[in-house]
Amino acid sequence: APVMMEHWGGRYVLIGPYEHGTAQSEFEELPPEGVFGQVVQRMRDMGLGVHYGRWLVTGQPRVVLFDLRSAWGKLHEIKYLLWEHHRIPTPPADGLIDGVAAFGWMVEQFFRTLFSLPNLDRPVIGHFHEWMAGSAIPELRRAELPLSIVFTTHATMLGRYLAMNDPWFYDHVPFVNWAADARRFNIEPQVLIERAAAHGAHVFTTLSEITAYECEHLVGRKPDLLLPNGLNIERFVAMHEFQNLHRQYKEKIHQFVIGHFFPSYTFDLEKTVYFFSSGRYEYRNKGFDITIDALAQLNWRLKTMGSDRTVVFFLTTKRPFRSINAEALQSRGVMEELRRSCQAIQDQLGDRLFLATVMNKNVKLDELIEDYHKLRLRRLRHGWRISRLPSIVTHDLYDDANDDVLNRLRNNNLINWPEDRVKVVYCPDFITSANPLFGLEYNQFVRGCHLGIFPSFYEPWGYTPEECLALGVPSVTSDLAGFGTYLIRHMPDHASRGLYVTHRRYHSYEASVNELTNHLHNFLQLERRERIALRNRVESSSDDFDWSNLVRHYWDAYREVCRRTGVSGHCVPPHSPNGPEQAAAPTTEQAQAHLDETGPQVDPPRKATGVAPDQPATRPWQSR
């Protein structure tokens, strides 16, 4: 949003649904103004609930938000037209599909109203992200509005389901019967909407080579361009600033570790390294399985070597739970009481020692402490020690016995034995400042850790390792993640920059586990000074993934969609770094050459079924 606002200003607007629960904190309503304000007012006159204002994120772009409840009265007609015009079935009483259909219809009304304005004198580009937003594309193309349409899929619906259930997913992709599998997983409407959006767009894009390969076979159209995801990188004036943040937040994690482990046994925090993984609970897709197996191998290696290093591994995700583990809260409470008691003794001792010194008295330090504090400290120390092992999970799960992560940890005997060099903390709740266990925001927690581990099996892009990069934290990704394939192609020295790639494609599971174990073991061999230097290299690499650099791919897509739709004028802001005065729109041959260069390195592709650049392609999505 900040980069788009810098280049487009008032000509840029975001469209989305109005969520009553979050609007108060994320959205500032404003009086309608300008071209988009005229559209909003006309839609309100039609009886539709439309909000106009500013999104309260960096850049503060203008937004138009639709209250989907105002379209419920037309829902039967909307769903009928989806079937009549495009053969997309919509099941009854499906809240998600109903919302998607209503949203698509309101987006269609927005553009119909926009193009009915008498003073509209500029070309219009509509950039749709994901199948839920792309539900408007079929009707927009059928209406033959003069709208240049770009559609970006950030994954495929069918790919997500297949990858979770097929360990040889990428080998089987070319042979998938998409229609049969969509019905098998009960996601036929979602898949058909996604295909309709992809085939109806003038320019179809995705994030990475690995997802382009998936789209070609599961969506039936080879993407025209790749649009990698970026971040808004926070830059520091001096290098030591982010190192100071690492030390500050690491101390916070130390406090959790003390409260969680030290009632049972202790280890040297100066020789302790913090690893973590996080993401949605997609056990195989997110690589939780390979991560746990690699940590078990690492634990065995360290014990065999007699290493004095300790690894504490945090796995944070979201699972249904009853409450935070009562024993964890009790240990933390006793620790805080110990801290307060020691602070009281320190204050009293300091005052009494000062008086004794200035009065030239020879006293023993033990005599300066009141018996009350001695007795209280003794009781707290007794209540602090426990005989059980530290729990591997911080919350009481509803389905503890069938949780894949817990079972994998138990099967690998990673249950926090005193002699283990790898300790585990499984937190089934995302880390926020409201979480009483950590008291940190997620980005602060990441800064306090030493290494992020994300060897995903299915990951169209992979924001988690990219977020680590932005925060100056080394990380591990995989060559089945879009971020990993981008590193391999565009950053050959990624390993020396603290960005490790585990090879999973064309490798056996065991070989990938061994490679990941080697990454983790080699990282542990680094001394503190070397880890500091590595974090500096990670942080210095983050510029490559700033939106100010990666937005050039969006300009490529906008120039190409304008060329294909015959739009004249500037489709990229003239003052942009990669604007039309610096680079002309690519020819068809150049666009194909770009795709051939950046496309997935796979077997010879099948014939593309997408829209040919020089054909109108009025309703290609009707073909099943």
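The values are calculated or read from the model by the stated rules, or taken from the named source; none is laboratory data. Nothing here was measured: the structure is a model prediction, and the numbers come from that model. All Cβ positions, even for glycine, are placed from backbone atoms using ideal geometry, and neighbour counts span all protein chains on display. Protein only, heavy atoms only, side chains kept; ligands, DNA and RNA dropped before computing areas. Shrake-Rupley method; radii C 1.70, N 1.55, O 1.52, S 1.80 Å.
Side notes on the structure shown:
- The listed residues D396, D429 rank as D396, D429 when sorted by accessible area, largest first, using a 1.4 Å probe.
- Against the chain, whose longest principal axis is taken from its Cα atoms, helix 588-598 shows a tilt of about 20°.
- Angle in degrees between helix 95-115 and the longest Cα principal axis of the chain, rounded to the nearest 10: 50 degrees
- Using only side-chain charges placed at the Cβ, +1 for Lys and Arg and -1 for Asp and Glu, the dipole size of segment 382-457 relative to its Cα centre rounds to 380 debye.
- Over the chain, Cα pairs under 8 Å with separation of 6+ residues give a relative contact order of 16 percent.
- Think of the chain as having a plus end and a minus end, set by charges on the Cβ of Lys, Arg, Asp and Glu; of W168, I415, F483, I415 sits farthest toward the positive end of this dipole.
- The residue list N232, S341, Y509 was ranked by how far each Cα lies along the charge dipole of the chain toward its positive end, using unit charges on Cβ atoms, and S341 comes out on top.
- Using equal-weight Cα scatterers in the Debye expression, the normalised intensity of segment 171-266 in log10 at q = 0.11 Å⁻¹ is -0.64.
- Each other residue within a Cβ distance under 13 Å of P123 adds +1 if Lys or Arg and -1 if Asp or Glu, for a net charge of +4.
- Charging the Cβ of each Asp and Glu at -1 and of each Lys and Arg at +1, and nothing else, the dipole of the chain about its Cα centre rounds to 1020 debye.
- Rounded if a/c under 1.5, otherwise prolate or oblate - segment 59-178, Cα gyration tensor axes: prolate
- In segment 232-349, the alpha-carbon atoms span a convex hull of 196 Å³ per residue.
- Degrees separating the helix 240-261 axis from the principal Cα axis of the chain, which is the longest one: 60 degrees
- In this Cβ point-charge picture (+1 for Lys and Arg, -1 for Asp and Glu), segment 63-175 has a dipole of about 200 debye about its Cα centre.
- Alpha-carbon centroids, segment 206-266 and segment 28-74: separation in whole Å: 33 Å
- Cβ-based charge dipole, the chain, positive-most Cα from L315, T205, I149: L315
- Under the criterion of Cα pairs below 8 Å and six or more residues apart, the relative contact order for segment 180-292 equals 14 percent.
- Under 12 Å, Cβ to Cβ, from Q255 - net charge with Lys/Arg +1 and Asp/Glu -1: +2
- Count Lys and Arg as plus one, Asp and Glu as minus one, and take only other residues whose Cβ is under 13 Å from that of L162; the net charge is then -2.
- Normalised by the number of residues in segment 406-538, the average gap of Cα pairs under 8 Å and 6 or more apart makes the relative contact order 16 percent.
- For V63, the residues 5 or more places off, or on other chains, whose built amide H falls under 5 Å of its own are L14, G53, R54, W55.
- Low-density loop positions, GluC sites (Glu not before Pro), segment 452-534 - DSSP coil, at most 15 other Cβ in 10 Å: E527
- Stretch in the chain that is longest and holds no chymotrypsin sites (Phe, Trp or Tyr not before Pro) that DSSP places in a loop and that have at most 10 other beta carbons within 10 Å: 169-505
- Compactness of the chain, taken as the C-alpha radius of gyration over 2.2 N^0.38 Å, stands at 1.12.
- Estimated [θ] at 222 nm from DSSP helical runs (n ≥ 4, -39500 (n - 2.57)) normalised by residues in the chain, nearest 500: -14000 deg cm²/dmol
- Karplus-derived HN-Hα couplings along segment 187-201 (A = 6.51, B = -1.76, C = 1.60, θ = phi - 60°), whole Hz, x at Gly and Pro: 10, 4, x, 4, 5, 5, 5, 4, 5, 4, 5, 5, 7, x, 6
- V334, V35, reordered so the largest accessible area comes first (probe 1.4 Å): V35, V334
- Translational diffusion coefficient (Stokes-Einstein; Kirkwood radius from C-alpha pairs) of segment 496-550 at 20 °C, 1.002 mPa s, in µm²/s: 164 µm²/s
- Restricting attention to the chain, close to 25% of DSSP beta bridges with both partner residues there are antiparallel.
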